[in-house]
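Have a look at the structure below, then the notes.
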Amino acid sequence: MTIGEALKKVQNQLGLTATAMAAGIISKGTYSKVVNGKQSLSSDSLVKIETVK
């Protein structure tokens, strides 16, 4: 499972939109690219996204 797939899974489990998942940490566009495997995500951003939820 990729990080993008894991983020999408958590997003669906929590019933959040992409905007809510990104939560001002990264842009919705960047989040979308990460989920779709077109861009990587720094570990710092990943930790911030996951700890906010």
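Read-outs: derived from the displayed coordinates by stated rules, not from any lab. As the structure is a prediction and not an experimental result, all values here were calculated from the model. So basically every Cβ, Gly included, is an ideal-geometry build from the backbone, and we count neighbours across all protein chains shown.
A helix-only calculation puts the chain at -18500 deg cm²/dmol for mean residue ellipticity at 222 nm, using -39500 (n - 2.57) for each DSSP H run of at least four residues, averaged over all residues. For segment 27-44, the residues whose amide N sits under 16 Å from a probe point set 7 Å from the Cα of Ala20 along the beta carbon direction are 28. In the chain, Cα pairs under 8 Å separated by at least six residues give a relative contact order of 38 percent.
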